[in-house]
Amino acid sequence: MAFEFVPAGPQHRSAILDLFRAAFLSEPNPAEWVWKYDTNPHESISVLALLEGNAVGFFGGVGTVYRGETGTLPGSMSVDVMTHPSARSLGRQGLFKELGEVYGRLNGARGVPFDFGFPHERARKIEERLLGYLTIERAGQFSHPTPLARAGRMSHLLTRKVWDEAFGFRHESLAEDIHSRPGWRTDRSAAVLNWRFRNRPGVSYHTLQLFGLTGRSRGYAVYRMSNDRALVVDIQTGRSANDLPDLLAELGAGLPEGARSVVVRLPVSSTMARQLVEEFGFLPEESDTHLLARPLIEGFDAQTAGQALDYRFSDHDIF
């Protein structure tokens, strides 16, 4: 019996959610799936495997675009990979491999040069062996006990802070600056940030934006609480030396009393990681995932692109 592979769409959602229940023995949130796959400002192609009309495998893709000083490219992050327990007797690894290959082929055909993900250790080894993913690094993660001390000078006196409001046109100059930097990062436009942090059902994020007196954005941070840990799921700043110190200080002052630590995820060798450790006393902690990347266009150097990917917690859909 041969598997049939089709691009997954909203019309397949009921079958996909049933597959999720069988694969993970837990109840999915349908609204989360609508948000992730149907309302995302960017497109990707997810793939559904069918056997005699029944859903037996799924390889999801969250759409984005990669932005950097060398240009803009379509992008995709692989998520929600699953196979039905019944597929084990039919060659589960064979199904997984075919599913991933179709996903890569379809997204590569629309110009996505590489995709990436953050699997746990067991999945990492399988994805390396069967699909050719490259391990870039164990995801960088750094933490600091609260409170966060102010390390800036007096620039905070010239700053306006805004909590929990939509990202608007004043953010776009910062987004353009972020998008023009060396390396790659996923889209940080206002439309994407509002979708990611203000429209997600059932998840509460807090956003902090800093603006100078002229209204120009100096930076932003987004966090959500996980028990007593404030997970800073995204943090971006301008190029002024005081932007990061002031942002961290305002963030620390705005955290709830129950927050005992602040946790940030970003590349181990990045400039911001070095600043957090050397200037602000953050300490590295071991994360439970690795950053993986896979070329989807023949000849594309996914290793180099992955090493240049300026990721955050928010680039992993579960955060």
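The values are calculated or read from the model by the stated rules, or taken from the named source; none is laboratory data. Just so it is clear, the model here is predicted, and its values are computed rather than measured. Don't worry about glycine lacking a Cβ; one is built from the backbone with ideal geometry, like all the others, and counts go over all protein chains shown. For accessibility, only protein heavy atoms count, side chains too; no ligands or nucleic acids. Shrake-Rupley method; radii C 1.70, N 1.55, O 1.52, S 1.80 Å.
Structural remarks
- Test: residue in region 179-186 that is basic (Lys, Arg) and under 22 Å from GLY140 (Cα atoms): yes
- Inspection of region 83-104 finds a residue satisfying the criterion of being of a type outside the set (Lys, Arg), touching a residue at least 24 places away in the same chain (Cβ under 8 Å) and part of a strand (DSSP E or B).
- A single entry from ALA253, ALA305, ALA293, ALA273 fulfils the requirement of being small (Gly, Ala, Ser), open to solvent by less than 50 Å² (accessible area, probe 1.4 Å) and over 22 Å from VAL62 (Cβ atoms): ALA273.
- Across region 25-65, the number of residues qualifying as over 14 Å from ARG13 (Cβ atoms), of a type in the set (Ser, Thr, Tyr), open to solvent by less than 30 Å² (accessible area, probe 1.4 Å) and assigned to a loop (DSSP other than H, G, I, E, B) comes to 0.
- When THR72 is tested against (1) over 17 Å from the mean Cα position of the chain (by Cα); (2) without any contact (Cβ under 8 Å) to a residue 40 or more places away in the chain, just one condition goes unmet, and that condition is (2).
- Annotation note: of VAL222, VAL192, VAL203, the sole residue that is under 28 Å from ASN29 (Cβ atoms), touching an Asp or Glu at 6+ places or on another chain (Cβ under 6 Å) and of a type in the set (Val, Ile, Thr) is VAL222.
- Hey, ILE235 of a type in the set (A, V, I, L, M), open to solvent by 60 Å² or more (accessible area, probe 1.4 Å), modelled with pLDDT of 95 or more and within 25 Å of ASN40 (Cα to Cα) or not: no
- When we screen ARG200, ARG224, ARG188, ARG229 for residues that are open to solvent by 10 Å² or more (accessible area, probe 1.4 Å), at pLDDT 95 or above and under 23 Å from SER76 (Cα atoms), the only hit is ARG200.
- Flag for ALA175 being at pLDDT 95 or above, crowded, with 21+ Cβ neighbours inside 10 Å and among the small types (Gly, Ala, Ser): yes
- Checked against (1) open to solvent by 30 Å² or more (accessible area, probe 1.4 Å); (2) at pLDDT 95 or above; (3) more than 28 Å from LEU19 (Cβ to Cβ), ARG105 passes all but condition (3).
- A single entry from THR70, THR83 fulfils the requirement of being open to solvent by 20 Å² or more (accessible area, probe 1.4 Å) and either in contact with a strand residue (DSSP E or B) (Cβ under 9 Å, 6 or more places away or on another chain) or at positive phi (or both): THR70.
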